[in-house]
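Let me give you the structure first, and then I'll get to my questions.
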Amino acid sequence: MKKQPFLLEIGTEEMPDWMIDPALKELQQLFEALLAENKLDGKVTLAEATPRRLVLMAEGISAIQPDSVELVMGPPRAAGEAAAAGFARKLGVEPQALKTVQTAKGEYLAYEKKIRGRASINILAEALPGLILKLYFPKTMYWTGKGGPRFVRPIRWIVALLGAHVIPFELAGVKSGNITRGHRQLGKPRVRVTVNTYLNRLRANFVMLPRWERRLTIQSQADAIFEAHGV
């Protein structure tokens, strides 16, 4: 079964620094639970943030959910042929397709209903809007009006990709796509990305995503200034 990489970027107005780490951890946990619940495989490879974006990347996600079997319970076997025929008719199958299952209450008729796996992109398109809004923040705000969605800050753009395809959904009037934004002053306002080019395209537009790298860069520049002034 084909495996695909995944990218989610939630672009916002500037978030309070102290709220970012807990949100990233919860985002990863919710996404991993979503993968497990739908048997999509995959693992998170990156959970990072800047003041204006929460980012999650994963790899190895199945393109299609595996098929499954659901046991649909019917009437007691002792209910007779008429009850069996009615149960089968409701399911759209022949009575011969039914099986007998032993339960604590005795023998019951049942049917093994085969459920075809759905495309992962459709599952994610349905689940991601709710997953994003489920993130907990100590303080949230409306920005589309009372009764609208609440988030830590207004959501301004969303990148959602599975392999080469956009995962299509809309949240608070913002449609998902493959367009991110560079640094507010130094970068381009619209930057087209793929899962593979995302990090390099950010860097080319003056966005350094890894927090440890930003910290080291700031420290190095500060040290250089202090040294230049003999401090």
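The values are calculated or read from the model by the stated rules, or taken from the named source; none is laboratory data. All values reported here derive from a predicted model rather than from experimental measurement. All Cβ positions, even for glycine, are placed from backbone atoms using ideal geometry, and neighbour counts span all protein chains on display. Areas reflect the complete protein model, heavy atoms only, side chains present, ligands, DNA and RNA absent. Shrake-Rupley method; radii C 1.70, N 1.55, O 1.52, S 1.80 Å.
Would you be able to say whether some residue in the stretch 31-48 is farther than 30 Å from T140 by Cβ and not hydrophobic (A, V, I, L, M, F, W, C)?
Quick first cut of the stretch 31-48, residues farther than 30 Å from T140 by Cβ only: 39, 41.
Pick out the ones that are also not hydrophobic (A, V, I, L, M, F, W, C) and you get 39, 41.
Within the stretch 31-48, one or more residues are farther than 30 Å from T140 by Cβ and not hydrophobic (A, V, I, L, M, F, W, C).
Name the single residue, out of those in the stretch 28-49 being within 17 Å of R211 (Cα to Cα) and touching a residue at least 24 places away in the same chain (Cβ under 8 Å), that is surrounded by the most Cβ atoms within 10 Å (Cβ to Cβ). Reasoning before the result, please.
So the first thing to find is which residues in the stretch 28-49 are within 17 Å of R211 (Cα to Cα), and the list is 28, 45-49.
Filter again for touching a residue at least 24 places away in the same chain (Cβ under 8 Å), leaving 28, 48-49.
On the way: Q28: 15, E48: 18, A49: 23.
In this case the residue turns out to be A49.
Moving to a separate point now. Given the criterion open to solvent by less than 50 Å² (accessible area, probe 1.4 Å) and either closer than 20 Å to P129 by Cα or in a strand (DSSP E or B) (or both), identify the matching residue among M15, M73. Before you say what the answer is, go through the steps one by one.
Details: M73 fails: open to solvent by less than 50 Å² (accessible area, probe 1.4 Å).
Matching residue, one of M15, M73: M15.
Let me ask something else about it. Step by step: first the residues of the stretch 50-64, then only those that are out of contact with any Gly (no Cβ under 7 Å at 6 or more places or on another chain) and assigned to a loop (DSSP other than H, G, I, E, B), then the one that is least open to solvent (accessible area, probe 1.4 Å). Which residue is that?
A63
A follow-up question, please. For the stretch 133-176, which residues satisfy the criterion of being within 24 Å of N122 (Cα to Cα), in contact (Cβ under 8 Å) with a residue 24 or more places away in the chain and among the β-branched types (V, I, T)?
Selection gives I155, I158, V159, I167.
Can I ask one more? Which residues, taken from the stretch 182-205, are open to solvent by 80 Å² or more (accessible area, probe 1.4 Å) and either closer than 25 Å to W143 by Cα or in contact (Cβ under 8 Å) with a residue 24 or more places away in the chain (or both)?
Initially, the stretch 182-205 is screened for residues open to solvent by 80 Å² or more (accessible area, probe 1.4 Å), giving 184-186, 188-190, 192, 196, 200-201, 203.
Listed by number, the residues that qualify are R184, Q185, K188, P189, R190, N196.
What pairs come out if I take residues in the stretch 87-108 that are closer than 12 Å to M73 by Cα and pair them with residues that are of a type in the set (D, E) whose C-beta lies under 7 Å away, six or more apart or interchain?
A88/E94; K99/E112; T100/E107
Related question: Taking the stretch 77-93, which residues are open to solvent by less than 100 Å² (accessible area, probe 1.4 Å) and touching a Leu at 6+ places or on another chain (Cβ under 7 Å)?
Selection gives A84, F87, A88.
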